Amino acid sequence: MRAVLSKAPGGPETLSIEEVMDPTPGKGEVVIEAKAIGINFPDSLIIEDKYQFKPERPFSPGGEVAGIVDAVGEGVKGVRRGDRVIAVPGWGGLSERLAVRADQLIPIPDGMDFETAAAFVMTYGTSYYALKDRANLQPGETLLVLGAAGGVGAAAVELGKAMGARVVAAASTNDKVEFALELGADNGLIYPSGPMDKAAQKELAGEFKLATGRDGADVVYDAVGGDYAEPALRAMDWNGRYLVVGFPAGIPSLPLNLTLLKSVSVVGVFWGAAVARDPKGHAANMADLMQLYKDSKIRPRISKTFPLEKAADAIRALGERQAMGKIVVVTED
């Protein structure tokens, strides 16, 4: 079978596609024939050894897979060959087949295609955990989403609206803001690209405050980091919750005196670890998300698909922030 392999730390250019041995399921495992693989920001980090997890090389990136159960291992119950399933293994997904734990599989609902399924769990799972469990977002509150056109940002926009919040979408281009508005955001603004000095950050803080209203944002969903973090913090309301989701623009240094003056909570969002620590809570969240999908309140937007042999280009496109919504790799043309 074919697999995309990381043999040494580096960018997408270091990846190769090679023939490797087909996997066999161990006890409690199944083998999935991958049909579609969602590309997420951790894929660009894990191949550079910058992610929280560092698998032994060679390994295949790809943490989100939709496909068909091809083989069932000893002791597996409730899963059969031919079942359509989603798996979130963390890595190993950019291959034609992979072995995963059977108890972590999520059935694909009727009517959901493989590409949509591969674009669903990580972004909506992260954003729902952030907004529901970490921020306790309430109806009528104002949510400011940074990076609102990316995978998790777009999911946060849709979920914020589904949860009854007023959503302000911030992104780096007019096209991305328009995309977020199409997702349901109530207001949007374009922030500058690249590093900002203190004067530019202060100006951006004023723009955030203007867009979110007189009192500012109750919740900030920050999937960007860098120089955008402090302006967003300055534009928050009393008792606000600042969600730390990701750092494609760099890890920021926040002035903690602002958290004191505004009684703001800075809250970390590590969805992958939360899933492992609270599987029952994760299962309940997935049930909520599948219902929201059935009710047509959320729907993944896939900006581009790539064949497996172009998986490096897919990861590069995401790293260069070319995506609006999700990028998906498919194993068949």
Quiz item: So which residues in segment 151-176 are within 21 Å of GLY226 (Cβ to Cβ), open to solvent by less than 10 Å² (accessible area, probe 1.4 Å) and more than 18 Å from the chain's Cα centre (by Cα)?
Solution: VAL168
Quiz item: Can you tell which of SER263, SER296 is at positive phi and open to solvent by 60 Å² or more (accessible area, probe 1.4 Å)?
Solution: SER296
Practice problem: Identify the residue in segment 1-18 that is open to solvent by 20 Å² or more (accessible area, probe 1.4 Å) and part of a loop (DSSP other than H, G, I, E, B) and, among all such residues, is nearest to ALA99 (Cα to Cα). | Solution: MET1
Quiz item: For segment 74-87, what are the residues that are open to solvent by less than 50 Å² (accessible area, probe 1.4 Å) and either free of Cβ contacts under 8 Å to residues at least 12 places away in the same chain or closer than 18 Å to GLY125 by Cβ (or both)?
Solution: VAL85, ILE86, ALA87
Exercise. Looking for whichever is among the hydroxyl-bearing types (Ser, Thr, Tyr) and under 19 Å from MET163 (Cα atoms) here; the options are SER253, SER296, SER265. Which one fits?
Key: SER296
Quiz item: If you scan segment 203-217, which residues turn out to be in contact (Cβ under 8 Å) with a residue 12 or more places away in the chain and either in a loop (DSSP other than H, G, I, E, B) or open to solvent by less than 30 Å² (accessible area, probe 1.4 Å) (or both)?
Solution: LEU204, ALA205, PHE208, ALA211, THR212, GLY213, ASP215, GLY216, ALA217
Quiz item: Somewhere in segment 222-235, is a residue open to solvent by 50 Å² or more (accessible area, probe 1.4 Å), over 29 Å from VAL88 (Cα atoms) and part of a strand (DSSP E or B)?
Solution: no
Quiz item: Got a sec? Which of GLY246, GLY250 is crowded, with 19+ Cβ neighbours inside 10 Å and at pLDDT below 95?
Solution: GLY246
Quiz item: Going by the structure shown, is SER60 of a type in the set (S, T, N, Q) and within 21 Å of GLY272 (Cα to Cα)?
Solution: yes
Exercise. Can you run down the residue pairs with Cβ atoms below 7 Å, 6 or more apart or on separate chains, where the first is in segment 279-298 and more than 16 Å from ASP110 (Cα to Cα) and free of Cβ contacts under 8 Å to residues at least 24 places away in the same chain and the partner is open to solvent by 20 Å² or more (accessible area, probe 1.4 Å) and not hydroxyl-bearing (Ser, Thr, Tyr)?
Key: none
Quiz item: Is it the case that PRO25 is under 26 Å from the mean Cα position of the chain (by Cα) and closer than 30 Å to PHE270 by Cβ?
Solution: no
Quiz item: Among the residues of segment 102-119, is any free of Cβ contacts under 8 Å to residues at least 60 places away in the same chain, buried (at least 23 other Cβ atoms within 10 Å of the Cβ) and of a type outside the set (S, T, N, Q)?
Solution: no
Practice problem: Look at segment 19-64 and say how many of its residues are acidic (Asp, Glu), open to solvent by less than 60 Å² (accessible area, probe 1.4 Å) and without any contact (Cβ under 8 Å) to a residue 60 or more places away in the chain. | Solution: 2
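The values are calculated or read from the model by the stated rules, or taken from the named source; none is laboratory data. All values derive from a computational prediction rather than experimental measurement. We place every Cβ from the backbone using ideal geometry, glycine too, and count neighbours over all the protein chains shown. To get the accessible areas, we keep the full protein, side chains included, count just its heavy atoms, and leave off ligands, DNA and RNA. Shrake-Rupley method; radii C 1.70, N 1.55, O 1.52, S 1.80 Å.
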